[in-house]
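A short worksheet on the structure shown next.
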Amino acid sequence: MESDLNLNDFEYTISDSDGFRGVKDGKEYPITEEEWQRIHPEHRNTECKECVFVQDVQTLLTFMVPREKKEQVGSRPEFVGKFTMLNWTGHSSFYLFRCGGCDTVVVDYPHGYRGNFMYLRCDKCRGETILKSKEIYERDKLFVPVVLRPRKEHWKFAKRTAEALEGLGKIENMGVRTMVVNGNESSETLSKRIRNFFGLKF
Ligand SMILES: [Zn+2]
Ligand SMILES: [Zn+2]
């Protein structure tokens with residue numbers, strides 16, 4: 001990173017397979033893991049009242065979920081609370097379920113994506129449970145797959161996406177590389193962010 005640039009000067013930061021970068025005026029600057037952690041403090045050190053810190057998934061399952069719940073749970077995921085863990089910069093809802101693959105009772109949080117859906121993973125057999133309940137997405141303000149929304153919203157969504165994609169195309173035609181910063185982002189949000197970033201009005 002150039003010495004005259006402060007960490008706070010970045011408009012946003014990126015973390016992917018190429019490492020950590022900060023972005024300022026459309027230019028990317030490499031940042032160290034140490035610097036990354038300074039900008040993204042561990043969630044357990046914040047004042048969040050919504051979640052509880054747990055060491056790991058096994059501790060959660062053993063001590064935070066009542067025994068009756070574990071005995072009665074079926075393949076349908078049941079919400080057990082919001083938790084954060086070591087090195088997490090946020091929290092997530094966790095779900096208890098009986099794995100359809102190996103019949104073990106496990107807890108996990110939603111991962112993305114299998115097609116349009118998020119999924120839970122069994123840490124024993126790596127089997128995946130696809131999440132098809134709208135409430136699960138809404139609880140963590142995740143992007144609700146269109147097929148889970150009321151029918152009348154489908155057309156509206158299709159129209160908005162078409163417009164957003166057209167916007168993205170226009171930006172790319174100007175020679176600007178567009179990238180997905182956060183995998184959860186729809187092309188619509190992404191396009192809006194890019195347009196705001198460049199102060200474009202179309
Ligand atoms: Zn929290
Ligand atoms: Zn399993």
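Read-outs: derived from the displayed coordinates by stated rules, not from any lab. Since the model is a prediction, treat every value here as computed from it, not as a measurement. With ideal geometry, Cβ positions are generated from the backbone for all residues, glycine too; neighbour counts draw on all protein chains shown.
Details
- With the simple model of a label 7 Å out from the Cα in the direction of the Cβ, residue 159 to residue 63 spans 5.3 nm.
- The ranking of 154, 91 by Cβ neighbour count inside 10 Å, starting from the fewest, reads 154, 91.
- Antiparallel bridge percentage (DSSP; both residues within segment 3-123; nearest 5): 90
- Applying the criteria of a DSSP loop state and at most 12 other Cβ atoms within 10 Å to the trypsin sites (Lys or Arg not before Pro) of segment 1-73 yields 49.
- 5 angstrom amide H check on residue 46, placed H, neighbours 5+ away: none
- Sparse packing (at most 14 other Cβ atoms within 10 Å of the Cβ) combined with a DSSP loop state is found for the following trypsin sites (Lys or Arg not before Pro) in segment 82-130: 124, 126.
- Here the convex hull built on the C-alpha positions of segment 112-152 has a volume of 72 cubic angstrom per residue.
- Gain on full extension, evaluated as 0.36 nm per residue between residue 8 and residue 32 minus their Cα-Cα distance, stands at 7.2 nm.
- Here the extension length gained between residue 16 and residue 147 equals 44.3 nm, from 0.36 nm per residue of separation less the Cα-Cα distance.
- Pairs exceeding 30 Å between alpha-carbon atoms, taken from 24/170; 49/132; 27/49; 27/134; 132/156; 24/49: 27/49; 27/134; 24/49.
- Partners of residue 69 within straight-line reach, counting aspartates and glutamates whose Cα lies under 14 Å from its Cα and excluding those fewer than 8 residues away in the same chain: 78.
- A Förster distance of 45 Å, applied to the separation of the beta-carbon atoms of residue 49 and residue 172, puts the FRET efficiency at 0.60.
- Label sites at residue 103 and residue 86, each approximated as a point 7 angstrom past Cα along Cα to Cβ, lie 3.3 nm apart.
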